[in-house]
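The values are calculated or read from the model by the stated rules, or taken from the named source; none is laboratory data. Just so you know, these numbers come straight off a predicted model, no measurement behind them. Here the Cβ positions follow ideal geometry from the backbone for every residue, glycine too, while neighbour counts run over all protein chains shown. Note: areas computed on protein heavy atoms with side chains; ligands, DNA, RNA excluded. Shrake-Rupley method; radii C 1.70, N 1.55, O 1.52, S 1.80 Å.
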Amino acid sequence: MALISLEDLEGLDEEQLDDDITEDPQPMAQEEEDRLLTHWQAVASNHQVLVPPEMMGPIMEMTRNSQQRELLPFSSICCHEKMGEVQFEERLIPPGQWACVSAGEKLFEQSVSVSFMKLMRYICRENSTGRFLGLAVPVVTEVSADGLSMQEVVRTSFFLPSEFQSAPPLPSDPDITIVQREPIRVLSRTFFGTTTWQTLTYQVGILRGLLGAPPLLGAPPLLENFMVASYENPSVPERRNEIWILPRDL
């Protein structure tokens with residue numbers, strides 16, 4: 001069963017959030033919770049995913065703590081420009097602890113949804129500390145081709161906030177793994193808009209062209225190793241994302 005993704009998490013507009021949370025910190029009446037759940041289910045249906053009723057608690061927790069976020073640290077190695085415009089950037093992502101979930105649903109968007117819903121519950125107290133952990137952005141989705149089945153394998157992860165880097169809380173869900181990653185050098189290009197499979201493969205092609213890599217041959221959907229980093233919520237019409245490619249994958 002596929003669920004809601006990061007891109008649906010903050011679909012409520014500011015006025016609605018103020019009415020639902022800020023002005024009334026008391027627990028919501030059942031009818032109000034039902035109304036919000038119906039709203040989220042309607043948003044999620046655009047991605048052919050489902051929000052079960054038990055996700056109401058984590059949704060509200062993430063909404064109340066929407067400002068409790070950190071930026072993933074990185075070092076810029078070099079910016080490649082053309083006529084004063086950055087074409088792509090070489091970055092070094094530092095070593096650190098990541099919470100990761102892998103999925104292989106029928107649709108890419110469903111795989112991301114399944115994974116992020118699990119991470120969302122981990123963030124919202126389903127961990128060994130019983131605390132809300134906060135979120136570091138961007139949330140990074142890594143796509144790689146399975147050499148045997150030639151199906152994409154999707155892994156969604158986030159860098160643990162600095163408070164928890166030295167002692168990561170253990171997840172209650174066995175599908176979530178805490179991974180110590182070594183430094184990663186990526187070639188990054190920013191784009192704005194949606195992150196559907198079609199959009200991402202198009203953006204990967206643009207970055208490969210800028211890097212002088214040969215075009216990939218094969219019938220669609222074209223399988224490629226890449227990462228997509230998502231910074232903003234879907235209420236932003238031209239939201240910020242980045243395509244990341246590792247030099248070894250060129």
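What list of ³J(HN,Hα) couplings, whole Hz, do you get for segment 68-79 from phi and the Karplus terms 6.51, -1.76, 1.60, once you set θ to phi - 60° and write x for glycine and proline?
Result, rounded to whole Hz: 8, 9, 10, 8, 4, x, 7, 10, 7, 7, 6, 9.
If we sort 122-130, 96-104, 48-56 on the protection proxy, mean other Cβ atoms within 10 Å, highest first, what's the order?
So the order, starting with the most tightly packed, is 96-104, 122-130, 48-56.
Take the solvent-accessible surface of the protein heavy atoms, probe 1.4 Å, and return the percent of it on segment 54-195 that carbon and sulfur atoms account for.
52
In nm, what is the difference between 0.36 nm times the number of residues separating Ala42 and Val179 and their Cα-Cα distance?
On the way: separation 137, 0.36 × 137 = 49.32 nm, distance 3.40 nm.
This chain segment gains 45.9 nm when fully extended.
Would you work out if segment 49-147 is rounded, prolate or oblate? Take a ≥ b ≥ c from the square roots of the eigenvalues of the alpha-carbon gyration tensor; rounded if a/c is under 1.5, else prolate when a/b is larger than b/c, oblate otherwise.
prolate
List the residues, sorted by chain then number, that are 5 or more residues from Val153 or on another chain and whose placed amide H is less than 5 Å from its amide H.
Ser144, Ala145, Asp146
Under the 0.36 nm per residue contour assumption, what length would be gained going from the current alpha-carbon distance of Thr196 and Arg131 to full extension? Spell out each step's value before the answer.
Working: separation 65, 0.36 × 65 = 23.40 nm, distance 3.24 nm.
20.2 nm is the gain from fully extending Thr196 to Arg131.
What is the set of long-range amide H partners of Glu126 at a cut-off below 5 Å, with H atoms built 1.01 Å from backbone N?
Answer set, sorted by chain and number: none.
Could you pull out every residue, at least 5 positions away or on a different chain, whose amide H is within less than 5 Å of the one on Val49? Hs are placed 1.01 Å off N in the peptide plane, and Pro or chain starts have none.
Those lying under 5 Å, H to H, from Val49: there are none.
Could you give the length gained on full extension between Leu170 and Val86, defined as 0.36 nm per residue of separation minus the Cα-Cα distance, in nm? Could the numbers behind the result be given before it?
Details: separation 84, 0.36 × 84 = 30.24 nm, distance 3.97 nm.
Contour length minus Cα-Cα distance gives 26.3 nm.
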